[in-house]
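Beneath this line is the structure, given in structure tokens, with notes to follow.
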Amino acid sequence: MYPCDFNATTPLHPSVAELLAQLAKRHPGNPSSPHASGRFASQLLENARVAVAVACSWPRSGVIFTSGATEALFIAVAGKIFGAPKDRRRVLLSSIEHKAVISAVNFAAEQRGMQVDFIPVTADGVLDLERAADMFDRDVALVCVMGANNETGVLQPLVEVTREARRHDIPVLSDACQMLGKVDFSPSDWGADMYVLSGHKIMGPRGVGALLIEPSIKKTLLPVLQGGGQEGGLRGGTENVLAIAGLGLSVTLAQTEVQQRASEMVAARSEFEVHLQSLFPEVLIHGNGVSRLPNTSFFSLPGIAADDLLHSIPELEASAGSACQSAVPTPSHVLTAMGVAPALADQSVRVSFGPNRVHGVDLPHAAQAIGQQVAQAIGSAAQKLLSGTGVNT
Ligand code: PLP
């Protein structure tokens, strides 16, 4: 098997799996209960909050645990839009945001009768800063720009966005799910007011995530998920203590292991792309000319439908477009925003490598070997498909 869908989800880090197994034996109680098992649970919550805060150099009181990135994004987007002053009538978001952001913005803005404007990206998939600067003004309630795109892996100019947004006093939300554990993640240096993380993208548990929010803007959000007042009143509901403890450790490991993981992933990706280009000189690698996550290769093979290619290589786990959209037979909105024609978008496959341990190898240089093998598997499947349909290579 070639597990090359690391951007869709990741396996548990062995140390996280071990922690969860240990904690499950002790039954943490309800963190709101005053008895011993409740206190044990609330200590676990506190430890995880401190772990995330320390690993990300972020204030402890600004770490809000959620059921994942989608929920954290909704709390941030809807909370900010519903809580916005009356003169802030527009919401801006990059045209390559994840659907979790787009749908939260569309929903909340419609409720408030606000205008939604998409900031364009270049053909390489980078936010167009000039166009963004033209769109920023004092009537904007929120701007959403992700750190790295989940499909192309292209890194976004967050520092420049936040600098410009600050001139107009616009709060910035950044979906950072895909960056953590793959590239440097220094949220407090980058100037956004809110960041979102997801456990299952960083070798942590599923169904858990976090909103990092500047404590000063916390009170400007309308709490949209009320209940028992947990998580500073922003996310009511009994906390998933085990998963949160696992998240705390996985965020710490993502930050401490990032260089090692990145070097293994980029070795596999480089070898993969070199081989794929030698087998298929006409391959188009999206975002190839700009800074990308070290593990992601999103490419189009002209003449070969992505679904056919993936069906013909059952041992390859990869995505046609992003995993969240694979049930929807429309071309990737990310490629569309980059100006890629729908026919070519349907011929696009995302391969996203993990570190060596995800591929079950620990040998030096194993990453390169994996990259080569995956390129060869795709190459021979593609040749068969092309000859089967009579297309000339
Ligand atoms: N944002 C990005 C960039 C993602 O890649 C994903 C997952 O596909 C999400 C948000 C949603 O994350 P979760 O599954 O934790 O809700």
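Each of 248, 187, 157 was placed along the dipole of the stretch 150-274 (beta-carbon charges, centred on the mean Cα), and the one lying farthest toward the positive end is 248.
This ranking places 13, 311 by how few other beta-carbon atoms lie within 10 Å of each, fewest first, which gives 311, 13. For the chain, the residue among 265, 78, 229 whose Cα projects farthest onto the positive side of the dipole built from Cβ charges is 229. Size descriptors for the stretch 1-113: radius of gyration and Dmax over Cα atoms are 18.8, 55 Å.
Once backbone amide H atoms are built at 1.01 Å from N, residue 316 has 2 as its partners under 5 Å, excluding neighbours fewer than 5 places away on the same chain. Summing Cβ point charges (Lys, Arg +1; Asp, Glu -1) relative to the Cα centre of the chain gives a dipole of roughly 1200 debye. For the charge dipole of the chain, defined by +1 on Lys and Arg C-beta atoms and -1 on Asp and Glu C-beta atoms about the Cα centroid, which residue among 147, 13, 287 has the Cα displaced farthest towards the positive pole? The residue sitting most towards the positive pole is 13. Amide H contacts under 5 Å for residue 5: 352, restricted to partners 5 or more places along the chain or on a different chain, H placed in the peptide plane at 1.01 Å from N.
Rounded, prolate or oblate: which one fits the stretch 124-181, using the alpha carbon gyration tensor with axes a ≥ b ≥ c (rounded when a/c is under 1.5, else prolate when a/b beats b/c, else oblate)?
Prolate.
With a threshold of 28 Å on the Cα-Cα distance, the over-threshold entries among 86/182; 25/182; 25/218; 86/219; 86/218 are 86/182; 25/182; 25/218. Per-residue Karplus couplings for the stretch 106-117, computed as 6.51 cos²θ - 1.76 cosθ + 1.60 with θ equal to phi - 60°, are listed in order as 4, 4, 5, 5, 5, 4, 8, x, 9, 8, 10, 10 Hz, Gly and Pro entered as x. Comparing 194, 203, 114 in a Gaussian network model of the chain, where Cα atoms under 10 Å apart are tied by springs, the biggest mean-square fluctuation is seen for 114. Residues in the stretch 187-196 carry Karplus couplings, in order, of x, 6, 7, 9, x, 6, 8, 9, 10, 10 Hz; the curve used is 6.51 cos²θ - 1.76 cosθ + 1.60 with θ = phi - 60°, and Gly or Pro positions show x. Taking 297, 319, 216 in turn, the Gaussian network model of the chain (Cα-Cα springs below 10 Å) assigns the largest fluctuation to 216. Taking a ≥ b ≥ c as the square roots of the eigenvalues of the alpha-carbon gyration tensor, the stretch 60-108 is classed oblate because a/c is 1.5 or more while a/b is no larger than b/c.
Considering only DSSP beta bridges with both partners in the chain, what is the antiparallel share in %, to the nearest 5?
On the way: 20 of 38 bridges.
If I count the DSSP bridges inside the chain, around 55 percent turn out antiparallel.
Classified by the C-alpha gyration tensor, the chain has an oblate form. Its axis ratio a/c, with a ≥ b ≥ c, is 1.5 or above, and a/b does not exceed b/c. Just to check I understand the Karplus step: with θ = phi - 60° and J = 6.51 cos²θ - 1.76 cosθ + 1.60, what whole-Hz values come out for the stretch 281-290, glycine and proline as x? My calculation for the stretch 281-290 gives x, 7, 4, 10, 9, 6, x, 4, x, 10 Hz in order.
FYI, it's all coordinate maths here, none of it is from the lab. Note that the structure is predicted; figures quoted are calculated from it, not measured. Glycine gets a Cβ as well: all are built from the backbone with ideal geometry, and neighbour counts include every protein chain shown.
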